[in-house]
Amino acid sequence: LGKNENEDHPWTVNQSLEQFFVPEVREIRCEECDVGTTATQTIQVMSRPKALLLHLKRFIVSEATMSFRKNRDRIICGESISLDKFCDNSLKNKDKESYNLRGVVRHIGGTASSGHYTADCERICEETEGSQNKKEWVAFNDGVAKSTKLEEVLQKNEKSAYMIM
């Protein structure tokens, strides 16, 4: 998650990805001769994964108390995510691909040491005669599974999404 100073304009998954892929200047120092220089570290996607799993860092370490606190900033996750702008040039000319949302794991609670995990997943219903496979969203909470809607999933994700698939 990125730092969000403005609650009226929540952070998005795409903004988080942009922040992750920003080039960073690093100091490099030789262990033998102690001569140093700087270098720019860049990260690019060299091959597209078949599936994409994003782990949102909801827990922040407080260095003063050596404890964890939960980042409750809103983050907007849409129905799909594209990595195209983060790909190596050899991939940019190929077919553009996006990853559709298939599941979300959420952490409900205030701290890293307490709370509750729930999940929402898209499932493909069995094919009926003469029709295509129908998809539906299912909410899982301990032993309870119930039907839900994509709009509800996206809304619930804003403050508690922990992993996005």
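Provide a single number: the residues in the range 126-146 that are in contact with a strand residue (DSSP E or B) (Cβ under 6 Å, 6 or more places away or on another chain) and either open to solvent by 80 Å² or more (accessible area, probe 1.4 Å) or modelled with pLDDT under 90 (or both).
4
Does at least one position in the range 44-67 carry a residue that is among the small types (Gly, Ala, Ser), outside any strand (DSSP E or B), open to solvent by 50 Å² or more (accessible area, probe 1.4 Å) and without any contact (Cβ under 8 Å) to a residue 60 or more places away in the chain?
yes
One line per residue, one yes/no per condition, for (1) modelled with pLDDT under 90; (2) not polar (S, T, N, Q):
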| position | (1), (2) |
| --- | --- |
| 62 | yes, no |
| 66 | yes, yes |
| 81 | no, yes |
| 90 | yes, no |
| 96 | yes, yes |
| 103 | no, yes |
| 108 | yes, yes |
| 111 | yes, no |
| 117 | no, yes |
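Restricting to the range 91-105, name every residue that is out of contact with any strand residue (DSSP E or B) (no Cβ under 8 Å at 6 or more places or on another chain) and closer than 17 Å to residue 21 by Cα.
Hit for the range 91-105 is 92, nothing else.
Just need a number here: residues in the range 77-119 that are surrounded by fewer than 16 Cβ atoms within 10 Å (Cβ to Cβ) and β-branched (Val, Ile, Thr).
2
How many residues does the range 104-159 hold that are more than 18 Å from residue 74 (Cα to Cα) and touching a Cys at 6+ places or on another chain (Cβ under 8 Å)?
Matching residues across the range 104-159 total 7.
Residue 94 passes all but one of (1) of a type outside the set (A, V, I, L, M, F, W, C); (2) farther than 17 Å from residue 151 by Cα; (3) in a strand (DSSP E or B); which number fails?
Unmet for residue 94, out of (1) of a type outside the set (A, V, I, L, M, F, W, C); (2) farther than 17 Å from residue 151 by Cα; (3) in a strand (DSSP E or B): (3).
The values are calculated or read from the model by the stated rules, or taken from the named source; none is laboratory data. A quick note: this is a predicted structure, and the numbers were derived from the prediction, not measured. Note that we place each Cβ from the backbone using ideal geometry, even for glycine, and neighbour counts take in every protein chain shown. The accessibility values were calculated without ligands, DNA or RNA, using every heavy atom of the protein model including side chains. Shrake-Rupley method; radii C 1.70, N 1.55, O 1.52, S 1.80 Å.
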